[in-house]
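**Q** There's a structure below that I have some questions on.
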Amino acid sequence: MSLPFAPSSAQIPSGKAVSKQLKKKAAEFLACTRATSTLVEILEYFKECLARKAPITPCLLTLEYLFTELIRRGDIRPADTGAQNNVPLAKDPQTNHKQWLQAHYGEAFDMIIDGMHHEKEGEASQALAAAMKLLAVESHHRPEADQFPMARLKQILTAMLSTECLNKHLFNRFLEYASYLDVIFYCWKTVPSLVPRSGAPPSDAFKHNFLLLLDAILFGKEKMKEADNVLCVPLGDGFDYTLVRKQINRTWGFVMNWQHSVAVHEQLLILLLEKVFIHLDKPVLLTDFLMDSLDVGGTVSVLALQGVFVLIQQHNLTYPNIYEKLYSMFEPEIFHTKFKARLFYLADIFLSSSHLPEGLVAAFVKRLARLSLIAPPQDIVIILRFIGNLILRHPALKRLIFHPTGGEASSDPYVMEERDPMKSKALESSLWEIAALQNHVLPSVASAARFISNPLPSVEWDLSEVLEISENDVSGWFFLHGDPSTNATNFLLFLQIFHKEMMSKTQDFFVNIDRPTGMFGYCGGQVASQCWKLF
């Protein structure tokens with residue numbers, strides 16, 4: 001039997017038939033490893049599949065099975081893997097044959113690594129899985145006790161860090177293996193050597209991939225308690241957190257020196273906030289970086305604000321202009337970022353003190369009130385609750401609702417363009433914007449805006465209940481357009497709104513006790529009958 005492979009063939013077959021033939025060839029070779037042409041034929045077929053970008057999963061599974069058996073039987077010694085790349089010159093035929101197997105295993109592993117660059121994500125992920133499984137088998141059959149195949153691991157990590165394309169699918173698959181302590185430990189021993197330190201700066205694709213790798217192998221301190229959770233070899237002296245922390249700080253120092261695009265900057269800040277902070281020796285050294293990030297705007301500024309808050313709260317950082325920075329972040333664009341809920345959450349914490357100047361808090365109230373006129377409906381509800389909480393914390397701000405001297409004004413004295421909140425003249429203004437929202441077309445928004453016309457509650461509103469609401473939660477309003485398809489969609493959405501309002505809870509009132517039988521007739525019940533006698 002011959003494989004369906006020929007270098008000059010116009011097409012490479014695939015599917016169950018090829019898998020069956022490959023498995024049969026592998027079984028024949030394992031039965032007699034002296035049949036060297038069989039292994040060569042399998043490798044040539046794999047090479048041709050790679051060249052033609054054909055499916056490689058059958059080849060990967062076959063080679064994984066074949067070399068796993070050879071390593072387990074001792075025909076291949078993992079300790080010597082990669083030591084010889086050429087045809088060996090040993091005089092002993094048996095040693096010569098083992099060295100030949102050794103060299104072809106190294107060639108096959110390199111081809112599997114090349115498979116990780118396959119254009120189809122499923123095939124590339126399967127190549128990563130095959131490489132990791134062979135790495136685990138090698139570690140279990142090495143003559144040296146507790147020796148992790150770091151050279152193989154570095155080869156895998158290098159392939160994942162492409163400079164041309166984003167390999168998110170590979171890192172998603174790698175998470176399966178990054179949950180093991182030994183993989184985490186030896187990855188961190190390898191990662192600093194993967195950072196380019198000379199020549200041209202790394203591409204954005206490499207930066208994205210590198211941050212995805214760090215995200216995969218970063219861990220919480222509770223992870224170190226899982227001493228038995230290993231893929232390859234047990235960590236004899238335990239997880240050396242001191243060494244790993246040193247590697248994390250060293251690597252992060254390299255990353256911080258890169259020039260970042262907005263997308264990379266955002267990814268880096270998320271990683272910093274969620275996983276890196278707890279491992280840094282001197283987090284205050286991030287102060288300049290976070291301050292510069294506050295000036296970028298948009299999502300980056302919101303994430304940097306959270307980083308500054310961590311430094312203020314946990315490391316006693318003093319930043320006198322933080323309220324001006326926070327004030328400047330409330331722009332119309334913030335309602336179109338995915339981290340707007342985080343901004344409101346942080347602003348609520350920064351403005352939680354009742355000892356802040358009234359003029360400062362009033363400026364935030366007025367700025368938010370003005371933005372509520374152009375904000376999406378779901379954000380208007382958040383703004384109204386936030387403003388209500390600020391007024392409850394600072395009762396003197398009730399003058400924005402009921403001014404002690406009364407009167408009318410021809411224009412609003414509040415200066416929206418002023419960057420310094422203390423100079424915005426917010427205390428001289430009023431919350432006419434919220435009064436206008438009481439006539440909003442959406443009942444949920446109009447109802448939320450009526451808080452200024454009713455007695456204020458004794459406790460603050462819980463912002464967590466409204467921070468994650470969506471358009472549907474506030475019955476978003478949709479206008480009809482000329483496009484029939486758009487009209488149909490909007491009409492369906494309108495029906496959903498109408499149904500929700502009809503199903504909302506309302507108070508029921510009893511008009512009478514018993515249904516009358518006529519205009520002057522008697523109805524059941526003594527009290528009711530006496531009343532109806534009057535007619």
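The values are calculated or read from the model by the stated rules, or taken from the named source; none is laboratory data. Remember, predicted model here, so these are calculated numbers, not experimental data. Neighbour counts run over all protein chains shown; Cβ positions are idealised from the backbone, glycine included. Calculation scope for accessible area: heavy atoms of the full protein, side chains included, ligands and nucleic acids excluded. Shrake-Rupley method; radii C 1.70, N 1.55, O 1.52, S 1.80 Å.
**Q** In the neighborhood of Ala129, defined by Cβ-to-Cβ distances under 12 Å, what is the net charge if each Lys or Arg adds +1 and each Asp or Glu adds -1?
**A** -1
**Q** Can you give me the C-alpha center-to-center distance between segment 303-337 and segment 358-382, rounded to a whole angstrom?
**A** Each part's Cα centre sits 17 Å from the other's.
**Q** With a 1.4 Å probe and every protein chain left in place, work out the accessible area per residue of segment 119-275 in Å², rounded to a whole number.
**A** 44 Å²
**Q** So, one more: Which lysines, if any, have their Cα less than 21 Å from the Cα of Lys24, not counting same-chain residues under 8 positions apart?
**A** Lys16, Lys47
**Q** So, one more: Relative contact order for segment 311-409 using alpha-carbon pairs under 8 Å, separation at least 6, rounded to a whole percent?
**A** Values: 40 pairs, mean separation 26.1, N = 99.
Relative contact order here is 26 percent.
**Q** Among residues other than Gln21 whose Cβ falls under 13 Å from its Cβ, what is the net charge (Lys/Arg +1, Asp/Glu -1)?
**A** +3
**Q** If I compute solvent accessible area with a 1.4 Å probe over the protein chains, what percent of it on segment 154-208 is carbon and sulfur?
**A** 53 percent
**Q** Hey, another quick one. Would you please classify the overall shape of segment 196-255 from the alpha carbon gyration tensor, given that a ≥ b ≥ c denote the square roots of the eigenvalues, rounded means a/c under 1.5, and beyond that prolate means a/b larger than b/c while oblate covers the rest? Present the calculation step by step, with values, prior to reporting the outcome.
**A** On the way: a/c = 2.64, a/b = 2.17, b/c = 1.22.
Prolate shape, in that a/c is at least 1.5 and a/b is the bigger ratio.
**Q** To continue, here is another question. How much net charge surrounds Arg370 when only other residues with a Cβ under 15 Å from its Cβ are counted (Lys, Arg +1; Asp, Glu -1)?
**A** Result for the neighbourhood of Arg370: -4.
**Q** Counting alpha carbon pairs within less than 8 Å and at least 6 residues apart, what relative contact order, in whole percent, applies to segment 229-362?
**A** That works out to 19 percent.
**Q** Rolling a 1.4 Å sphere over the protein heavy atoms, what is the accessible area per residue of segment 342-459, to the nearest Å²?
**A** 45 Å²
**Q** Explain nothing, just the number: dipole magnitude of segment 312-465 about its Cα centre with +1 on each Lys and Arg Cβ and -1 on each Asp and Glu Cβ, in debye rounded to the nearest 20.
**A** The calculation lands at about 140 debye.
**Q** Can you give me the Cα centroid spacing of segment 239-267 and segment 10-77 in angstrom?
**A** What the calculation gives is 40 Å, centre to centre.
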